[in-house]
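Read the structure below first, then the notes.
The values are calculated or read from the model by the stated rules, or taken from the named source; none is laboratory data. On a predicted model such as this, the values are computed, not experimentally measured, just so you know. When we count neighbours, we look across all protein chains shown, and the Cβ atoms used for this are built from the backbone with ideal geometry, even at glycine. The area values use the complete protein model at the heavy-atom level, side chains included, leaving out ligands, DNA and RNA. Shrake-Rupley method; radii C 1.70, N 1.55, O 1.52, S 1.80 Å.
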Amino acid sequence: MKKVILDVDTGIDDALAISYAVAQPNIEILGITTTYGMAPVEYTCRNTKYILKVLNKDVPVYEGATTPEKRIRVYNGRIHGNDGLGNTLGHVEKIEKSTLEAVEFIIDSTKKYNRDLTIITTGPLTNLARAVNRAPEIMHSIGKIVTMGGAVATPGNVSKFAEANILIDPESADFVFKSNLPITLVGLDVTRKTLLTQDNIEKWKQLGTPSARFFTKFAQYYLDAYGEMHPHLKGCALHDPLAVGVGLYPELVQTVPMRIEVDLSEEALGRTVEDLNIAEEEKPNVSVCLQVDSNAFMEDFFTKVNHMLSIDTSERV
Ligand code: BDR
Ligand code: CA
């Protein structure tokens, strides 16, 4: 059975990615590591635990990075709300610390499972960069890394050039890409083609279970935010769920091997660019997803998530 770690900054679409992952029959989720990103880490950690509780799934959650390596993170709550989940859960009072922290858990798991382990990241790459920095040899034994991030042949979403997960901690992203790990990049090139629409939310409403009601609330926040920012899309992007989809069903996408760098200049900070002048000894370092079978992915995503939301877990919430 495939062993998986999710590294998340929960975040509305991270919450949907977690739901999609825990709905899969044939994988073992060893744990979920959290990072600051769409909200401070105590929020993303709380949100992750809450989603698991709502869905009645027991998966260990490990708290990770609180800040980017060299930058200051300023939160605005525009897309995910001030609490990261569309203002459904509000302020975090206090959080129980996990016994093992995220980076340690990633390294220990890689040491144990090496090629059998897949890490799927859906937030800034700070935790992963720290793991590679701390234990490069161990981390090079990993099977696969699937990263939601970047915009290679399409405009960015937080600047003209950059995608959010990369721009938030560009130094960590650049370091991870330069580490020659087996990375598949699931960027805006493909994630903007997979959408959640008002019709999907209406179906959740009709399910009538407590979990479906909760999902309806935070998904509506995300859809409304997208409606204001990208009215032409008629939906909100399933960025992070697609990363899970690609991690489990690589045939959903077509990839091109490229040598990807992160632009660290102020004019194009966070841009993921292909280096076309690579020296002979350098190799492509990333498989970049450029095409996706959106229908196949959305069909699988909604079938599995809708089924899970139709199960009444009221006593757990
Ligand atoms: C990424 O940034 C966040 O808004 C989402 O959760 C996703 O991981 C998309 O750019
Ligand atoms: Ca995310």
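Here are the numbers for this structure:
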quantity	calculated
Cα-based radius of gyration of region 117-217 once divided by 2.2 N^0.38 Å, which approximates compact folds	1.34
Relative compactness, the chain, computed as alpha-carbon Rg over 2.2 N^0.38 Å	0.92
Local electrostatic count at Leu117 - Lys and Arg +1, Asp and Glu -1, tallied over other residues with Cβ under 13 Å	+2
In Å², nearest 10: area of Ser287 left accessible to a 1.4 Å probe	40
Cα-based reach from Lys70 at 24 Å (exclusive), listing lysines while leaving out same-chain residues under 8 positions away	Lys160, Lys178
Karplus-derived 3J(HN,Hα), 6.51/-1.76/1.60, for each residue of region 277-288, Hz, glycine and proline x	10, 6, 5, 4, 7, 8, 10, x, 10, 9, 8, 8
Taking region 105-210 and dividing mean pair separation by its residue count, relative contact order in percent (alpha carbons under 8 Å, at least six apart)	28
Sequence-separation-based contact order of region 1-90, relative, with Cα cut under 8 Å and 6+ spacing, percent	31
Nearest 10 degrees, 0 to 90: helix 198-207 Cα axis against the chain principal axis	50
Qualifying aspartates and glutamates (Cα of each under 18 Å from Cα of Lys234; at least 8 residues distant if same chain)	Asp13, Asp189, Asp199, Glu202, Asp224, Glu299
Placed amide H near Phe161: partners under 5 Å, 5+ positions off or other chain	Gly156
Karplus-derived 3J(HN,Hα), 6.51/-1.76/1.60, for each residue of region 69-75, Hz, glycine and proline x	5, 10, 10, 9, 8, 10, 9
Cα-based reach from Lys205 at 15 Å (exclusive), listing aspartates and glutamates while leaving out same-chain residues under 8 positions away	Asp312
Amide H contacts under 5 Å for Thr33, placed H, 5+ residues apart	Leu6, Asp7, Val8, Tyr62
Listed residues Phe177, Ala296, Pro136: farthest to the positive end of the dipole of region 2-310 (Cβ charges)	Ala296
Spatial separation of Cα centroids for region 32-111 and region 167-211, in angstrom	16
Normalised contact order of the chain, rounded percent, pairs of Cα under 8 Å and 6 or more residues apart	20
Candidates Gly208, Gly81, Gly11: whichever shows maximal mean-square fluctuation once the chain is modelled as a Gaussian network with Cα springs under 10 Å	Gly208
In order through region 5-21: 3J(HN,Hα) via Karplus (6.51 cos²θ - 1.76 cosθ + 1.60), integer Hz, x for Gly, Pro	10, 9, 10, 10, 10, 4, x, 5, 6, 5, 4, 5, 5, 4, 4, 5, 5
